[in-house]
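Below you'll find the structure, written out as structure tokens, and then a few comments.
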Amino acid sequence: MNTDITHYAGRYLSLLERDGWEFTSRSNANGVVVLVAVTDQGEIVLVEQFRIPVGKNVIELPAGLVGDHEDSDESVLKAAQRELEEETGYAAAQLELLMECPSSAGMSDEIVSFVLARGLRRVGPGGGDDSEDIQVHTIPLDRVDRWLREQRAAGKPMDPKIYAALYWLSDRS
């Protein structure tokens, strides 16, 4: 049986080693949920927020941690609904698990759950919790490629998971 060696244990991340391979692990959550949220008007919901590690605003899909609040046994779909409302101000009538996969298999043991959110209705302001300052973008799917190119040309980094989401959406139409 292989045992992990802990080189560092922080509040949110740990640096571990297994069989000579160093990797990170979240110590404050059970996983990550990423939302592919689409309005009834055919718009994808994206968020923009400042990310300290890269020192810039980044365009992303709404996302958050699973089990990082009082409910450590929180389900992926419950976390998806919570994070969608918290970050974007939308609630979803339908949530569907699309895929679970590693976020960066060579660097972390983190598993990301992609969830399709449909039947959206505005229920609040969004913008994130007290530690976040999130701007919400609703972009028509028939114009999203151009909008993303414009954002990249303006120097804004894009989370590549957006492109996976667009692929899944195009595959469903």
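Computed from phi, the 3J(HN,Hα) profile of segment 132-142 under the Karplus parametrisation 6.51, -1.76, 1.60 (θ = phi - 60°) reads 10, 9, 9, 9, 9, 10, 10, 10, x, 4, 6 Hz, with x in place of Gly and Pro. Shown in residue order for segment 19-35 are the 3J(HN,Hα) couplings computed by the Karplus curve 6.51 cos²θ - 1.76 cosθ + 1.60 at θ = phi - 60°: 6, x, 9, 8, 7, 9, 9, 6, 9, 10, 7, 9, x, 10, 10, 10, 9 Hz (x for Gly and Pro). Distant-in-sequence amide contacts of G126, defined by a placed amide H-H separation under 5 Å and a gap of 5 or more residues or a different chain, comprise G89.
Taking R0 as 41 Å, what FRET efficiency do you get between E22 and D171 from their Cβ-Cβ distance, rounded to the nearest 0.05? Working from the Cβ atoms, E equals 0.70. The amide H of N57, built 1.01 Å from its N in the peptide plane, has R51 as neighbours under 5 Å, considering only residues 5 or more places off or on other chains. Ordering V47, V123, V58, V76 by the number of other Cβ atoms within 10 Å of each residue's own Cβ, fewest first, gives V123, V58, V76, V47. Each Cα pair under 8 Å and six or more residues apart adds its separation to the average, and for segment 29-172 the resulting relative contact order is 30 percent.
For segment 88-171, which GluC sites (Glu not before Pro) are in a loop by DSSP, counting at most 16 other Cβ atoms within 10 Å?
Values: sites: E96, E100, E110, E132, E150; in loops: E110, E132.
The qualifying sites are E132.
Shown in residue order for segment 98-109 are the 3J(HN,Hα) couplings computed by the Karplus curve 6.51 cos²θ - 1.76 cosθ + 1.60 at θ = phi - 60°: 8, 6, 10, 7, x, 6, 7, 4, x, 10, 8, 8 Hz (x for Gly and Pro).
Size of the dipole of the chain about the Cα centre, Lys and Arg at +1 and Asp and Glu at -1 on the beta carbon, nothing else charged, in debye to 20? Kindly include the intermediate steps, with their values, before the conclusion.
On the way: 17 positive and 30 negative charges, 143 e Å.
Result for the chain is approximately 680 debye, rounded to the nearest 20.
For segment 1-159, the residue among G55, L77, A92 whose Cα projects farthest onto the positive side of the dipole built from Cβ charges is G55. From helices alone, the chain scores -6000 deg cm²/dmol at 222 nm; the rule is -39500 (n - 2.57) for each run of n ≥ 4 DSSP H residues, then divide by the residue total.
We did not get these values from a lab; they are worked out from the coordinates using the rules stated. Treat the numbers as computed from the prediction; the structure is a model and nothing was measured. Glycine gets a Cβ as well: all are built from the backbone with ideal geometry, and neighbour counts include every protein chain shown.
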